[in-house]
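Engineer: One structure coming up, written as structure tokens, with questions to follow.
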Amino acid sequence: MVLVASLVLFTAVGLPVVGVVQANDVKVDEQVNSETSNEAEIYQPIQLPSEYVAQEQKSNQALDYIKEKYGHSEIESLTITPEDEERVSKALEEYLSLTGYNPLLRRFGRNWWNSRRFIGTVIDVGLIAVGIGAAARSRAALASLLQTHRTLITRVVQGQILRRVGIGVSGIIMSAIRLATTLAGISIGGAITWGLDRDDGRLDGYILA
């Protein structure tokens, strides 16, 4: 099912900007899709305000660097070792430095640092470092990976990755990961942040903002 939608985003000064879907299709499990007709459509990538586009390009370049440096990591067990934690911490530090991450802005209003795209990429960086990877997958493959490594992913995402950018999601992370198993054609971080965005009650493209 090909979904095409438009979404109104708001810039840092509150001006509405209308974006139109242009990127890859995203398929959502019919059971979840039946709960609300808008969820899958809102998930679709959209055109961003010009200042977001520049930030996204910088984030993508930083992600490519992380993939090159840490992409060889392979998960060896269902638990995370101190060495894994150190590698995740280092990868996150490097990524955020390369993107020019501003923790002060993340705390105020809707901006790139609170956007689902940015937070999703931060999650991908941490999972690449721990050896799970971040490539887009089919729904079955994504669901299998999330189910197999649910405990590890929950611990890494909640305890290290999101804490690093000042986001506390202990009450909704498990539900977000469950919802993430219904998506296809996107990265793990993108799927999890869609679940977080839905569970924070807004589904507006931002995480707890």
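The values are calculated or read from the model by the stated rules, or taken from the named source; none is laboratory data. Just so you know, these numbers come straight off a predicted model, no measurement behind them. All Cβ positions, glycine included, derive from the backbone under ideal geometry; neighbour counts span all protein chains shown.
Engineer: Would you confirm whether or not the range 185-200 contains a residue that is of a type in the set (A, V, I, L, M, F, W, C), touching a helix residue (DSSP H, G or I) at 6+ places or on another chain (Cβ under 7 Å) and more than 14 Å from residue 121 (Cβ to Cβ)?
Structural biologist: As a first pass, look at the range 185-200 and keep what is of a type in the set (A, V, I, L, M, F, W, C): 186, 188, 191-192, 194, 196.
From the residues that got through so far, the ones that are touching a helix residue (DSSP H, G or I) at 6+ places or on another chain (Cβ under 7 Å) too are 188, 191-192, 194, 196.
Then drop every residue that is not more than 14 Å from residue 121 (Cβ to Cβ), which leaves none.
Looking through the range 185-200, none of the residues is of a type in the set (A, V, I, L, M, F, W, C), touching a helix residue (DSSP H, G or I) at 6+ places or on another chain (Cβ under 7 Å) and more than 14 Å from residue 121 (Cβ to Cβ).
Engineer: Is it the case that residue 164 is surrounded by fewer than 18 Cβ atoms within 10 Å (Cβ to Cβ) and of a type in the set (Lys, Arg)? Steps first, answer last, please.
Structural biologist: On the way: surrounded by fewer than 18 Cβ atoms within 10 Å (Cβ to Cβ): no; of a type in the set (Lys, Arg): yes.
No; evaluated as a whole, the condition is false for this residue.
Engineer: Can you find even one residue in the range 26-37 that is at pLDDT 50 or above, in a helix (DSSP H, G or I), touching a helix residue (DSSP H, G or I) at 6+ places or on another chain (Cβ under 8 Å) and within 25 Å of residue 185 (Cα to Cα)? Spell out how you get there, then give the answer.
Structural biologist: Here is the first cut: in the range 26-37, the residues at pLDDT 50 or above are none.
Looking for residues that are at pLDDT 50 or above, in a helix (DSSP H, G or I), touching a helix residue (DSSP H, G or I) at 6+ places or on another chain (Cβ under 8 Å) and within 25 Å of residue 185 (Cα to Cα), one finds none in the range 26-37, hence no.
Engineer: Which number in (1) closer than 26 Å to residue 137 by Cβ; (2) of a type in the set (Gly, Ala, Ser); (3) at pLDDT 90 or above; (4) out of contact with any helix residue (DSSP H, G or I) (no Cβ under 7 Å at 6 or more places or on another chain) marks the one condition that residue 59 misses?
Structural biologist: With (1) closer than 26 Å to residue 137 by Cβ; (2) of a type in the set (Gly, Ala, Ser); (3) at pLDDT 90 or above; (4) out of contact with any helix residue (DSSP H, G or I) (no Cβ under 7 Å at 6 or more places or on another chain) applied to residue 59, the lone miss is (4).
Engineer: I've got another one for you. Residues of the range 173-196 being surrounded by fewer than 18 Cβ atoms within 10 Å (Cβ to Cβ) and hydrophobic (A, V, I, L, M, F, W, C), which ones? Spell out the reasoning first.
Structural biologist: Step one: of the range 173-196, the residues surrounded by fewer than 18 Cβ atoms within 10 Å (Cβ to Cβ) are 174-175, 178, 185.
Hit for the range 173-196 is 174, nothing else.
Engineer: Let me ask you something else. From the list 66, 80, which residue is buried (at least 17 other Cβ atoms within 10 Å of the Cβ) and modelled with pLDDT of 95 or more?
Structural biologist: On the way: 80 fails: modelled with pLDDT of 95 or more.
Step by step, each of 66, 80 is checked, and only 66 is buried (at least 17 other Cβ atoms within 10 Å of the Cβ) and modelled with pLDDT of 95 or more.
Engineer: With respect to residue 121, determine if the residue is polar (S, T, N, Q) and without any contact (Cβ under 8 Å) to a residue 24 or more places away in the chain. Let's see the steps before the verdict.
Structural biologist: On the way: polar (S, T, N, Q): yes; without any contact (Cβ under 8 Å) to a residue 24 or more places away in the chain: no.
Considered against the rule, which asks whether it is polar (S, T, N, Q) and without any contact (Cβ under 8 Å) to a residue 24 or more places away in the chain, residue 121 comes out as no.
Engineer: Right, here's the next one. Look through 123, 119, 177 and report the one residue that is within 19 Å of residue 53 (Cα to Cα) and either touching a Ser or Thr at 6+ places or on another chain (Cβ under 7 Å) or among the acidic types (Asp, Glu) (or both).
Structural biologist: Result of the check over 123, 119, 177: 119.
Engineer: When the range 76-92 is examined, which residues are found to be part of a helix (DSSP H, G or I) and touching a residue at least 24 places away in the same chain (Cβ under 8 Å)? Even if it seems obvious, please write down each step before you answer.
Structural biologist: Taking the range 76-92 first, the residues part of a helix (DSSP H, G or I) are 82-92.
Correct list: 84, 85, 87, 88, 89, 90, 91, 92.
Engineer: Residues 137, 87, 107: which one is modelled with pLDDT under 85 and crowded, with 19+ Cβ neighbours inside 10 Å? So that I can check it myself, show each step before the final result.
Structural biologist: Working: 87 fails: modelled with pLDDT under 85; 107 fails: crowded, with 19+ Cβ neighbours inside 10 Å.
Only one candidate qualifies: 137.
Engineer: What pairs can you find where one residue is in the range 180-209 and at pLDDT below 85, the other is among the hydroxyl-bearing types (Ser, Thr, Tyr), and their Cβ atoms are less than 6 Å apart, with a gap of 6+ or different chains?
Structural biologist: Cβ pairs passing all conditions: 184/138.
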